[in-house]
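The values are calculated or read from the model by the stated rules, or taken from the named source; none is laboratory data. Owing to the predicted nature of the structure, the values given are computational and were not obtained by experimental measurement. Every residue, glycine among them, receives a Cβ derived from its backbone with ideal geometry; neighbour counts consider all protein chains shown. Side chains are part of the model used for accessible areas, which takes the heavy atoms of the whole protein and leaves out ligands, DNA and RNA. Shrake-Rupley method; radii C 1.70, N 1.55, O 1.52, S 1.80 Å.
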Amino acid sequence: MSKVSALGVDEDLARPEPISLREAFWFWLKLGFISFGGPAGQISIMHQELVERRRWISERRFLHALNYCMLLPGPEAQQLATYIGWLMHRTWGGVIAGALFVLPSLFILIALSWMYIAFGEVPVVAGLFYGIKPAVTAIVVQAAHRIGSRALKNNWLWAIAAASFTAIFAFNIPFPLIVLGAALIGYVGGRLAPEKFRVGGHSTAKKSFGPALIDDDTPSPEHARFNWLNLASLALIGAALWALPMGILTALFGWEGTLTQMGWFFTKAALLTFGGAYAVLPYVYQGAVGHYGWLTPTQMIDGLALGETTPGPLIMVVAFVGFVGAYVSQVFGADQVFLAGAVAASLVTWFTFLPSFLFILAGGPLVESTHNELKFTAPLTAITAAVVGVILNLACFFGYHVLWPKGFSGTLDWPSALIAIAAAIALFRFKRGVIQVLMACALVGLAVHLLR
């Protein structure tokens, strides 16, 4: 008769058999197609599959890895998949897990971006996007509320959020400068008033689902132990993987070429994604819409809507930006617009995600050297607070272009306003999922558009 522990776990459960790289490959591929719901939903899916059902990794080790990923710029869910894949099957395991988290979304977005740019003026498509745009505005407001409720724990952090909103809204200060200023405030504030900047990550594990393949007491494998030579090798390989495509693009198109500038711009964006995709979107629209003019404000909103409805990290909206920018610019000529868009989408995805892989493969051994819970640093706490203000500004930006499409000199678009209010009620009051809200608003928008 099996024994049940105080935690409700069958103590006679057998430890899972070792998992082959082939078996892991098929799981990571499946995950790439079902990873809807943003970071929270994606992390929840991984927890259910890897911790609860398959028991490939223990609860404590899973959260330990997640705490590290939360500290990094970049999509934490994709980095968590990379980390677990690396821990189980060395470097190739991490590369496969991280890449398969992204590739399905890339291919889907290339197809949807082409359909959008080629058929966006068709009444049915235009009607669907008419309803989606105000829903996206409500979704961004919800993102600001969700991050703010977690991050703004005291008046100091509220003040940082308000200052960052004012800086970007009133003075159009570039997002990187806001991040730098917030980090400096956090660094100084963490020493003058450390209790005001002590905001932690995920809590330590309190549950067990039975013995795991990588359990609490499982020693770190040989490849997960820190080695200076390995770190130097990774740094050189990473530099080469960035410099080689950038060198080729510069040689072919010049430094001012559209594809070259996309590579450079999204490299910088990859290093600024503290707080998730919503944090870097203001930087992307400042550059892609305001500075480079790769796409219009309306197209940026539509791109975010497409990103919300596809699996994978929300930051994959950069693939849409790259596709539309290169397609419209006809960087390969008028006869090769689809090829230009597909190449640009692939390139910006490469430059956006390359740092994420390097952070995990280089930093993983340092993380594995201790299994104690990691803490957010004071600068990161301040950056997260600043991000709330920046996202709120993004909501204002979207709201302005959706509700007053002809500017304040025109009239308020009442149907869009009502759709936005209904979407906000569904999200905040009834806790409906993003996909449900987008689909419902798309249908309402189609009806309104066709009846006009």
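Of 153/431; 30/196; 133/268; 30/431; 268/431, which sit over 32 Å apart, Cα to Cα?
Cα-Cα > 32 Å for 30/196; 268/431; rest within.
Using only the alpha-carbon atoms, how far is helix 123-151 inclined from the longest principal axis of the chain? Give it as 0 to 90 degrees, nearest 10.
50
Between Rg and the Kirkwood Rh of region 12-153, both from Cα atoms, what is the Rg to Rh ratio?
The Rg/Rh ratio comes out at 1.06.
Rank-order 348-360, 410-422, 312-324 by packing density, defined as the average count of other C-beta atoms within 10 Å over each peptide's residues, highest first.
In descending order of packing, they fall as 312-324, 348-360, 410-422.
Measure nothing fancy, just the Cα-based angle from helix 76-119's long axis to the longest principal axis of the chain, in degrees from 0 to 90, nearest 10.
Rounded to the nearest ten degrees, it is 20.
Is the shape of region 328-452 rounded, prolate or oblate, going by the alpha carbon gyration tensor and its root eigenvalues a ≥ b ≥ c, with a/c under 1.5 for rounded and a/b larger than b/c for prolate?
Verdict is oblate for region 328-452.
What is the angle, in °, between the Cα long axis of helix 317-329 and the longest principal axis of the Cα atoms in the chain? Nearest 10 is fine, range 0 to 90.
With both axes taken from Cα atoms, the answer is about 40 degrees.
When the solvent-accessible surface of protein heavy atoms is calculated with a 1.4 angstrom probe, in what order do 169, 265 fall, highest first?
169, 265
Is region 385-452 rounded, prolate or oblate when judged by the Cα gyration tensor, a ≥ b ≥ c being the square roots of its eigenvalues, rounded requiring a/c under 1.5 and prolate requiring a/b larger than b/c?
Taking the square roots of the gyration eigenvalues as a ≥ b ≥ c, region 385-452 is oblate.
For the chain, what % of the accessible area comes from carbon and sulfur atoms, probe 1.4 Å?
67
Give a quick list of trypsin sites (Lys or Arg not before Pro) in region 345-439 that DSSP marks as loop, anything other than H, G, I, E or B, with at most 10 other Cβ atoms within 10 Å.
The qualifying sites are 406, 429, 431.
Accessible area of residue 115, 1.4 Å probe, to the nearest 10 Å²?
Only protein atoms counted, so the area is about 100 Å².
Residue 436 to residue 45: FRET efficiency via 1/(1 + (r/R0)^6), r the Cβ-Cβ distance, R0 25 Å, to the nearest 0.05?
Calculated value: 0.90.
Could you order 52, 222 by accessible surface area, starting with the largest, using a probe radius of 1.4 Å?
222, 52
Express the C-alpha Rg of the chain as a ratio against the empirical globular expectation 2.2 N^0.38 Å, rounded to two decimals.
1.00
Run the helix sum for the chain: -39,500 (n - 2.57) per DSSP H stretch of 4+ residues, divided by residue count, reported at 222 nm to the nearest 500 deg cm²/dmol.
Taken over the chain, the calculation gives -23000 deg cm²/dmol.
Check which residues have an amide H placed less than 5 Å from residue 57's amide H, if you skip close sequence neighbours.
Counting only residues 5 or more places away or on other chains, the set is 213, 214.
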